[in-house]
1. In peptide B:90-103, how many Cβ atoms from other protein chains are near each Cβ within 10 Å, on average?
2. Rank these residues by their accessible area, most exposed first, probe 1.4 Å: A:S134, B:S103.
3. Trypsin sites (Lys or Arg not before Pro), restricted to the stretch A:90-127: which are DSSP loop and have at most 12 other Cβ atoms within 10 Å?
4. In what sequence, largest accessible area first, do A:L128, B:L29, B:L14, A:L34 appear using a 1.4 Å probe?
5. Net charge near B:V56: determine it from the other residues with C-beta under 14 Å of the C-beta of B:V56, scoring Lys and Arg +1 and Asp and Glu -1.
6. Computing the accessible area with a 1.4 Å probe over protein heavy atoms, can you report the carbon and sulfur percentage for the stretch A:61-123?
7. Taking only DSSP H segments of four or more residues, each worth -39500 (n - 2.57), what value at 222 nm results for chain B once the sum is divided by all its residues, to the nearest 500 deg cm²/dmol?
8. For the stretch B:57-109, take N as its residue count and report Rg(C-alpha) divided by 2.2 N^0.38 Å.
Amino acid sequence: MLAFIVTFVLCFVAYLMLTTGGADIVFLGDWKILSWDYAEIIFGIILSLIVAIVARKIFVKKSFRMANPVRWFVFIGYLFYFFYEMTKANFDVAYRVITGKINPGIVRISPDLKTDLGITMLANSITLTPGTLSVDIDEDKNDLYIHWINVKKEALEDKPVNCKFVCANFEKWVRRVTE
Amino acid sequence: MLGQIADILVYLFLILGVFFNLLAGVGLLRFPDVYTRLHAGTKCTTFGSIFICGSVIIFGVRMWLMGDTNGSTLTIHTAGVLIAILLTNPTGAHAIARAAHRSGVKPFGAVIDDLAEKPAKKEAEK
């Protein structure tokens, strides 16, 4: 039942966000910041009911770990740090595009994250940051194989390679968010 | 006054976005193999698209604050596009890189290739 309500509410809010504007009947605020027709709201309720019946078991899994609001605030903090690192990465790639200096290789890192969500977040973050691209995953141990455009010599001394060379502090942030 | 600042920001973001997307195109031509080209094709295009979407969002918010409700549609829909790009672009790059490595494309001039050891293990298990 809880899964049904959560799916219904989120779906309905998404529908309202996507259909706002242009109508004058139901509105929020003094100068119609958001406005809807009755027809849109009724149709949204019907659609959300159908979606909630069909998708509640796919959308909400057994664990409610991510329902904790502290995790969401940490996630927003992570987004700022992520954007900073991403800016640095883009200037790095811009430099390599213009000069053509590359020293590529595929390395293995072992971030030791336990959840699927965490490993997905880390892999996507790695792909979008300094000269690294996640190629493959070892599903038993959650190890990631990373294509690295500029392999540093000192990083190759350990095997698997220390995370701090490849993904800055993302590993710690992701662990704070998801575990 | 605020409207002028918003206009300047819109143009600035458009210039930055187009610059990085152009750089991605140059990178695709200059780099030697699949993996390095993917570097150019994911990072630079995502970053450029963030700025282009950002300029549309600023324009939409400006319209919205001036009292034109079409601005809300512009803002919210573009924010949705931005989230979709941020989620799907790295995932697609990951899928292409994995497929390339599985079909036997060696990374050009690789110093080290840890992944080459992995498929051998899996075949031995079968």
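1. If you average over the peptide's residues, the count of other-chain Cβ atoms is 4.
2. B:S103, A:S134
3. Hits after loop and neighbour filter: A:K101, A:K114.
4. B:L29, B:L14, A:L34, A:L128
5. Once positives and negatives cancel, what remains is 0.
6. 70 percent
7. For chain B, the value works out to -26500 deg cm²/dmol.
8. Against the compact-globule rule of thumb, the ratio is 1.93.
The values are calculated or read from the model by the stated rules, or taken from the named source; none is laboratory data. Worth saying up front: this structure is predicted, and the values here are computed from it rather than measured. Reconstructed Cβ throughout: ideal geometry from the backbone, glycine too, with neighbour counts over all protein chains shown. Note: accessible area is taken over every heavy atom of the protein model, side chains too, but ligands, DNA and RNA are not part of it. Shrake-Rupley method; radii C 1.70, N 1.55, O 1.52, S 1.80 Å.
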